[in-house]
Protein chains: 2
Amino acid sequence: MSITSNTLSIFALGGLSEIGKNMYAIEYDNDILVIDCGNKFPDESLLGIDLIIPDITYLVENKDKVRALIVTHGHEDHIGGIPFFLKKLNVPVYATRFTLGLIELKLKEHRILRETELIEISSDSDLDFEDIRVNFFRVNHSIPDCLGIVFHTPEGDIVHTGDFKFDLTPSTNEHSDIHKMAAIGTKGVLLLLSESTNAERPGATPSERIVGEHIIEAFLKAERKVFLSTFASNINRVQQVVDAAQITNRKLVLLGRSMVNVVAVAMERGYLDVPNGMLIEKEQINDLPPDKVAILCTGSQGEPMAALARLSTGSFRGAEVLPNDTVIFAAGPIPGNEKNVSRIIDNLFALRAKVIYGSGSASGMHVSGHGYQEDLKLMLTLMKPKYFIPIHGEYRMLHQHRLLAESVGIEQDNTFIMNNGDVVDIENGAARQTRKIPTGNTYVDGIGIGDVGEIVLRDRKQLSEDGMLVVVLTMSKAEKKLVSGPDTISRGFVYVRDSEELLTNVNRLIIKSVNDLQGSDRDQWKVMKQSIRKSVGQYLFKQTKKKPMILPIIIEI
Amino acid sequence: MSITSNTLSIFALGGLSEIGKNMYAIEYDNDILVIDCGNKFPDESLLGIDLIIPDITYLVENKDKVRALIVTHGHEDHIGGIPFFLKKLNVPVYATRFTLGLIELKLKEHRILRETELIEISSDSDLDFEDIRVNFFRVNHSIPDCLGIVFHTPEGDIVHTGDFKFDLTPSTNEHSDIHKMAAIGTKGVLLLLSESTNAERPGATPSERIVGEHIIEAFLKAERKVFLSTFASNINRVQQVVDAAQITNRKLVLLGRSMVNVVAVAMERGYLDVPNGMLIEKEQINDLPPDKVAILCTGSQGEPMAALARLSTGSFRGAEVLPNDTVIFAAGPIPGNEKNVSRIIDNLFALRAKVIYGSGSASGMHVSGHGYQEDLKLMLTLMKPKYFIPIHGEYRMLHQHRLLAESVGIEQDNTFIMNNGDVVDIENGAARQTRKIPTGNTYVDGIGIGDVGEIVLRDRKQLSEDGMLVVVLTMSKAEKKLVSGPDTISRGFVYVRDSEELLTNVNRLIIKSVNDLQGSDRDQWKVMKQSIRKSVGQYLFKQTKKKPMILPIIIEI
């Protein structure tokens, strides 16, 4: 599919009607600029899948046009797909200093750091791509060094907010560039793409500073060790933990691979200030009085292999949660993770720890990094765009975001609620949503990328629910007679020992199926297999109300 | 295991450290009285399992002692296991009129209604079982006709609260027997078993009446059809919907099997008052103006086959959600159901419906039936028991409930946080938790009860994540030589067409494995299978990072 030149086109390859794998693109004439390349974690229906990344077929087909990948910030749902992307499209990557640090960790792991061109930008950068000039503005979020982007195109200015909230009292001096945003809006914005994660939540997002106050309070109150779990990438919160440790004269232990790695990046690059001598190894914990130790760890989402899960079952050698230790969840559970988090809380209570937890900001130990309705309305008001595309959210969030846009004066018809792959074309200042480019989910399973699709997943689903029954028959080629078997083997179906009668009957049925076939049907193993599958399937369903996968195998000798 | 007579024993066969399958028992001398017999729905880790019920081995072993099953109320987690229980232990079932109606629906389905002795009781009933006399008190909950139970034993009085909240302004005249509870407490309670579902939530549970007010408001505001989804068993809420329909002059359609069945039971037994002519069939919807119709349906938990899910995808013939119709979720999502509920909301917005939803009581369309902390403290205060067992909840809820008990003056050592199977024995007024009876989960899968266990589930898990590879070899008995094959068949592993090279290499490896076996190892198919499993497994893991189940089958001819 090719595009009329002098049309400005905007589309998403991920991030619409979903939370995760954000990837947006702007195309004009011979240039495509890509914004972010995230991943997404599969839900339980995607059996065995490790990761979902955007399907970038369209970009690969238009390889020569892709000029750059510009990254708004360093969260997984914005950078997690980058190594897979770069292996197919080796284009320069533009990101801020901290974001680049996190991207480098990934590229090292995938062994493609050296061949990648990484270009550091800041909110003051000015990039020039033929017809499109690109500027930036700083936004607050739950990770340092986040950008919103302005694309100055021949059709007018397009703004992409990145992920943001307005935090007027941030815990660092990283303020939103609110004056710059106002200036952009004053000049006139043709199209705004703004994130929608919290479009359902009324009010304004609380400030990160509130969390710091609660952390200090909890550290002061704790009579023994304090464990605190949060996202490693939330470096401003990590800084608040460091500050609380300093105030209460505690040494700090880092547990969990991503905590150790990300903290190292943040310290190296000047985003985190840890007093000399504060960091100790977990082996030193028992050398200190319990009220002189704090442990900062991964696993706030209940991930079964992360530090906190292992601490909660006493299986983290060297670090133990003991009675009256305090454990703080400084992150709310992401939808879908509630059960895993709850299990850990149960285990920690059983260890007689004091556990501080709660959904969302209920415990005071977490605030969202995504703007609530008032934040979103402020962005819409500052930018006062002609056209609006709500991005980064499930359908209901995009829908609610449209209502917010309407409430601040953006005409309903000028808001486009799109799916991944839908294209908005702008010509002569007028936008229309008409066509679609191919896109979707690419599954990563083990090393394989895209080698598992719908058929494999359908089989896994059947196997997972009712197991399978392999039926082996040996037939003589000459006489078309059964010479050995049937042998049946089942897995994941029922206890075989308790089901001898069932399997005896299955064998009888198979022999009957084979004998019933007459004439030419007898020659066709395919017909024979179908007949076995049908008769055995019906019998087992009647007897057990289960539908195992039945796999007849015919050996011809 | 037998019990010293003149010891009073209390234990749970379900309901502790879990939400679901509630089942408690009191044993004294030659009598066992059982309270409730619920089921529980499996989480996604229990692949293919339909239902979990309590393991009642202990009761079956002590069959002759079991005198009665007494049921506190008609929710699934209190009655869902009854048919399975009665098939093994045909004892009389005691329950209130409405609860019996729901139990009868189940027994009919399982075709055991006729042989079951059902005995109707009320909050005024007085039952006599040799050494134990049983009385009741009425409690508020989210279903009509709920009971708390007092067991007058030779050791003292034991109180089981059932599920409860204190609703001082209920939507019907079914008030809690608060004076009776006070009298019980005044007389002296030896042991209280009280439910813990909302022990983590501060404050008092809002009144059901609030929901009625919001429903009327939404019905008045709706310009077209109104769909409302709630639990069928919440008959007081159904009554409020009926009232709202009457006020706004709408006809009412019932959609979903359980809604139709439970409403019929409630109407027959006098728990629901529906004006003559209000109920219409779904075929009549289009004969009426849209603002004269309301639809009450199942599916508030996002169940994929229930009415609301089908409505949201336009696949419910005869009933359609059209633009500007109103859809009300009058039930919060139970933890674990959020994703399914969200998907339906997304679909309804895409149909351009107005959707009223929200977690918990945020939308005003739902209140919990379980008491919050202040309700629980009131119960503890009224009963002022010597001993306390928090029941009906995950570990953290039981833990929080203990803290609440402590806050109103119950000594920490007198509270027992127990697991299913743990026994509290009371002798001479003193309670100790010492021994355990065998119990656990019984899985229902299809027709089978208990025929699927850990091994089958482990196999299902492996099959679900990485699929399988069947390897068939035909070996000559005489020469111990490969005469045909290897043939490989995979399912749920990778796309076979894209993996020809992989499978060719697997075949080579298998031949090598067979040829490498020397001497007597060659005779032992078991050794050969192990060797194939190992070499193929290692190769596939190296190539794909997946671990499919490898099933070698050797045919001997």
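The values are calculated or read from the model by the stated rules, or taken from the named source; none is laboratory data. Quick caveat: nothing in here was measured; it's all calculated off a predicted structure. Cβ placement follows ideal geometry from the backbone for every residue including glycine, while neighbour counts extend to all protein chains displayed. When the accessible area is computed, the model is the full protein with side chains, heavy atoms only, and any ligands, DNA or RNA have been set aside. Shrake-Rupley method; radii C 1.70, N 1.55, O 1.52, S 1.80 Å.
Points worth noting:
- Across B:Lys21, A:Lys542, the residue with the most accessible area heads the list, and the full order at a 1.4 Å probe is A:Lys542, B:Lys21.
- Helical content alone sets the calculated 222 nm signal of chain A at -9500 deg cm²/dmol, taking -39,500 (n - 2.57) per DSSP H segment of four or more residues and averaging over every residue.
- Phi to ³J(HN,Hα) by Karplus 6.51 cos²θ - 1.76 cosθ + 1.60 over the stretch B:104-121, Hz, x for Gly, Pro: 4, 4, 5, 5, 4, 4, 8, 6, 10, 5, 5, 8, 9, 8, 9, 10, 7, 10
- Between helix B:373-383 and chain B: long-axis angle, C-alpha atoms, 0 to 90°, nearest 10: 60
- Taking the protein heavy atoms of the stretch A:186-345 in the context of the full set of protein chains, the accessible area attributed to carbon and sulfur is 51 percent at 1.4 Å.
- Of B:Asp31, B:Asp128, the order by accessible heavy-atom surface (1.4 Å probe, DNA, RNA and ligands excluded), from most exposed downward, is B:Asp128, B:Asp31.
- Label 7 Å beyond Cα on the Cβ vector: B:Glu109 copy-to-copy distances, nm: 4.5
- Theoretical FRET efficiency, 1/(1+(r/R0)^6), r = Cβ-Cβ of B:Arg317 and A:Lys545, R0 25 Å, to 0.05: 0.40
- Length-normalised contact order for chain B - Cα pairs under 8 Å, 6+ apart - percent: 15
- Whole-percent carbon and sulfur share, accessible surface of the stretch B:359-407, 1.4 Å: 48
- Surface exposure of the protein assembly as shown, expressed per residue as accessible area with a 1.4 Å probe, stands at 41 Å².
- Between 0 and 90 degrees, the angle of helix B:338-350 with respect to the longest Cα principal axis of chain B falls at about 80 degrees.
- Pairwise label distance in nanometres, A:Asp128 with A:Asn419, each label 7 Å out on the Cα-Cβ vector: 4.2
- Taking amide H as placed 1.01 Å from N in the peptide plane, A:Lys251 has its amide H under 5 Å from the amide H of A:Val293, A:Ala294, each at least 5 places away in sequence or on another chain.
- Shielding by partners for peptide B:197-204, expressed as the average number of C-beta atoms from other protein chains within 10 Å of each residue's C-beta, is 1.
- The stretch B:366-422: GluC sites (Glu not before Pro) falling in loop per DSSP and having at most 13 other Cβ within 10 Å: B:Glu411
- The figure for A:Arg491 is an accessible area of roughly 80 square angstrom, using a 1.4 Å probe on the protein chains alone.
- Overall, the ratio between the Cα radius of gyration of the protein assembly as shown and 2.2 N^0.38 Å, rounded to two decimals, is 1.03.
- Built from the Cα atoms of the stretch B:88-162, the convex hull projects on average onto 5.8 nm², one quarter of its surface area.
- Exposure of B:Val456 as accessible area (Å², to 10), given a probe of 1.4 Å and all protein chains: 10
- Per-pair calculated FRET efficiency, R0 = 56 Å: B:Glu61 and A:Lys87 via Cβ, rounded to 0.05: 0.35
- Long-range tail of P(r) for chain A (Cα pairs > 42 Å, %): 36
- Peptide A:465-475 shows a mean partner chain C-beta count of 5 within 10 Å per residue C-beta.
- Copies compared at A:Gln518 - label distances in nm, ascending, label defined 7 Å from Cα in the Cβ direction: 5.7
- Residues along the stretch A:374-403 losing 30 Å² or more of accessible surface when the other protein chains are present rather than the chain by itself (probe 1.4 Å): A:Tyr395, A:Arg396, A:His399
- Residue-by-residue Karplus 3J(HN,Hα) for the stretch B:295-306, coefficients 6.51, -1.76, 1.60, Hz, glycine and proline x: 10, 9, 9, 7, x, 5, 9, x, 3, x, 9, 7
- The contact between chain B and chain A removes approximately 5100 Å² from the accessible area (both sides summed; 1.4 Å probe; ligands, DNA and RNA excluded).
- For the stretch B:409-472, the fraction of alpha-carbon pairs in successive 5 Å shells from zero, as %: 3, 12, 13, 13, 11, 10, 9, 9, 8, 6, 3, 2, 1, 0
- Dipole of chain B, positive direction: furthest Cα of B:Thr488, B:Ala68, B:Ala183, with charges on the beta-carbon: B:Thr488
- If you wrap the Cα atoms of the stretch B:454-556 in a convex hull and average its projected area over all directions, you get 6.7 nm².
- Across the stretch A:205-216, computed HN-Hα scalar couplings (Karplus, 6.51 cos²θ - 1.76 cosθ + 1.60, θ = phi - 60°) run 5, x, 7, 4, 4, 4, 4, x, 4, 5, 5, 4 Hz from first to last residue, x flagging Gly and Pro.
- Each semi-axis of the equivalent ellipsoid for the stretch B:390-505 is √(5λ) with λ an eigenvalue of the Cα gyration tensor; in descending order they amount to 57, 19, 11 Å.
- Sorted from nearest, the other copies put their A:Thr169 label points 3.6 nm away, the label point being 7 Å from Cα in the direction of Cβ.
- Förster radius 25 Å - calculated FRET efficiency between A:Asn30 and A:Asn428, Cβ distance, rounded to 0.05: 0.80
- With Cα atoms as the point set, the stretch A:256-358 shows a radius of gyration and Dmax of 14.3, 40 Å.
- Built amide H within the under 5 Å cut-off of B:Asp29, gap 5+: B:Asn6, B:Thr7
- B:Met418 accessible area, 1.4 Å probe, all protein chains in place, Å² to nearest 10: 10
- Amide H within-cut-off set for A:Phe227, under 5 Å, with H built and near neighbours excluded: A:Ile295, A:Thr326, A:Val327, A:Ile328
- In degrees, nearest ten, helix A:178-187 long axis to first principal axis of chain A (Cα): 90
- For the set A:Val527, B:Val241, solvent exposure ranked by accessible area (probe 1.4 Å, protein chains only) runs largest to smallest as A:Val527, B:Val241.
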